[in-house]
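Below is one structure, written out as structure tokens, with a few remarks after it.
The values are calculated or read from the model by the stated rules, or taken from the named source; none is laboratory data. This structure is a prediction, so every number in the text was calculated from the model and none was measured. Here Cβ is always computed from backbone atoms with ideal geometry, including for glycine, and neighbour counts include all displayed protein chains. Just the protein is used for accessible areas: all its heavy atoms, side chains included, with ligands, DNA and RNA removed. Shrake-Rupley method; radii C 1.70, N 1.55, O 1.52, S 1.80 Å.
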Protein chains: 2
Amino acid sequence: MSVGLEVDLASAVPVWEQVRAQVVAHVAAGRLRPGDRLPTIRALATDLGVAPGTVARAFRELETTGVVVTRRRAGTQVAAGAVAADDGLRAAAAAYARAAHAAGLTPDAALDLVRGVLLATPARAESAAGRR
Amino acid sequence: MSVGLEVDLASAVPVWEQVRAQVVAHVAAGRLRPGDRLPTIRALATDLGVAPGTVARAFRELETTGVVVTRRRAGTQVAAGAVAADDGLRAAAAAYARAAHAAGLTPDAALDLVRGVLLATPARAESAAGRR
DNA sequence: TCCGATGTATTGATGTGCCGATACATTGGT
DNA sequence: ACCAATGTATCGGCACATCAATACATCGGA
């Protein structure tokens, strides 16, 4: 394992989504930094035991969201603009995670809660058009 | 509208999931409190323009997660055990939401981040057995 | 006791998303 | 100029989830 990606083939959530989420998490946590290279599509596909198209799907999503940048021969690497979450944000997330944990919430329940709060947020200014 | 539920029939996320998430959000936010009655399945179904089974699916999920309790003739109401998030938790969620908003994250990106943090959390002690 | 209101279960059709396989395009090194 | 490594595109099949429709079970009040 190079960056430590794992997937659960039996899971209900799609493999490509698992890959995408893990990369996003790694970047946000600073374990993957701008310029770092990800495994090649084929290598990762073989490693995970899936078809290349599946990994490609994940990478494509990551690129359209600006997390990675990919050049034909050079492979795929973390985009320069894909900054890790700043300390304040990460601290807030960590604080929330601790609180949720202390309250005995399951991860799903915890996610539901923030989802509700985020949706209730005033009407974000459609900034990054299209962005998922 | 009684509790203010709305669904987007054209959305990619299932109608039943939209209903479920909204109820959870309302409960967590304290807008729905233990003992409060939800609309009947038929009423809500008609209101939303979907089949009863669809709403029933949402309510079923809510019941298995302990958010609501339902008795044959009495309808469906918010469970006594379904406490709203305590102030600390809600504050943490709100703080995070503000930080995410300030950082320009889209709701999806913000969710990805907490998901990553939650998954990275030490290994929660399988407490509430089953609970999704 | 009867009836209407409410949740529950079943069945079937439809869509659509995932994934594998494979062929293609492009690019940088030698 | 060539070639091998890398990402991209396409096609098909399989599976499964969603949703509608409808019939059933259960309960409380009049």
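Kindly establish whether residue A:57 is in a helix (DSSP H, G or I), touching a residue at least 60 places away in the same chain (Cβ under 8 Å) and either of a type in the set (A, V, I, L, M, F, W, C) or surrounded by fewer than 21 Cβ atoms within 10 Å (Cβ to Cβ) (or both). Reasoning before the result, please.
Numbers: in a helix (DSSP H, G or I): yes; touching a residue at least 60 places away in the same chain (Cβ under 8 Å): no; either of a type in the set (A, V, I, L, M, F, W, C) or surrounded by fewer than 21 Cβ atoms within 10 Å (Cβ to Cβ) (or both): yes.
So residue A:57 does not fit the description; no.
Within segment A:55-75, the set of residues being modelled with pLDDT of 95 or more, closer than 11 Å to residue A:20 by Cβ and either more than 12 Å from the chain's Cα centre (by Cα) or of a type in the set (Ser, Thr, Tyr) (or both) comprises A:55, A:57, A:60.
Any residue at all in segment A:31-47 that is within 30 Å of residue B:99 (Cα to Cα), within 12 Å of DNA strand C (Cβ to nearest atom) and surrounded by fewer than 18 Cβ atoms within 10 Å (Cβ to Cβ)? No: zero hits. Taking (1) modelled with pLDDT of 95 or more; (2) loosely packed, with under 14 Cβ neighbours inside 10 Å in turn, residue B:50 satisfies each apart from (2). Residue A:80 falls short on exactly one of the conditions (1) within 13 Å of the chain's Cα centre (by Cα); (2) away from DNA strand C (no atom under 14 Å from the Cβ); (3) touching a residue at least 12 places away in the same chain (Cβ under 8 Å), and that condition is (1). Condition first: within 14 Å of another protein chain (Cβ to nearest Cβ), among the polar types (S, T, N, Q) and within 16 Å of DNA strand D (Cβ to nearest atom). Can you find one or more residues in segment A:41-61 that meet it? No, segment A:41-61 has no match at all. Can you find a residue that is within 14 Å of chain B (Cβ to nearest Cβ), open to solvent by 30 Å² or more (accessible area, probe 1.4 Å), of a type in the set (S, T, N, Q) and not in a loop (DSSP other than H, G, I, E, B) anywhere in segment A:76-92? No: zero hits. Each residue in segment A:61-75 was checked for being of a type in the set (D, E, K, R) and surrounded by fewer than 14 Cβ atoms within 10 Å (Cβ to Cβ), and 3 of them qualify.
Contact map, segment A:5-33: residues that are away from every other protein chain (no Cβ under 12 Å) paired with residues that are within 14 Å of DNA strand D (Cβ to nearest atom) and not in a helix (DSSP H, G or I), Cβ distance under 8 Å, separation 6+ or inter-chain. Pairs shown: A:5/A:39; A:7/A:50; A:9/A:50; A:15/A:9; A:15/A:50; A:19/A:5; A:33/A:78.
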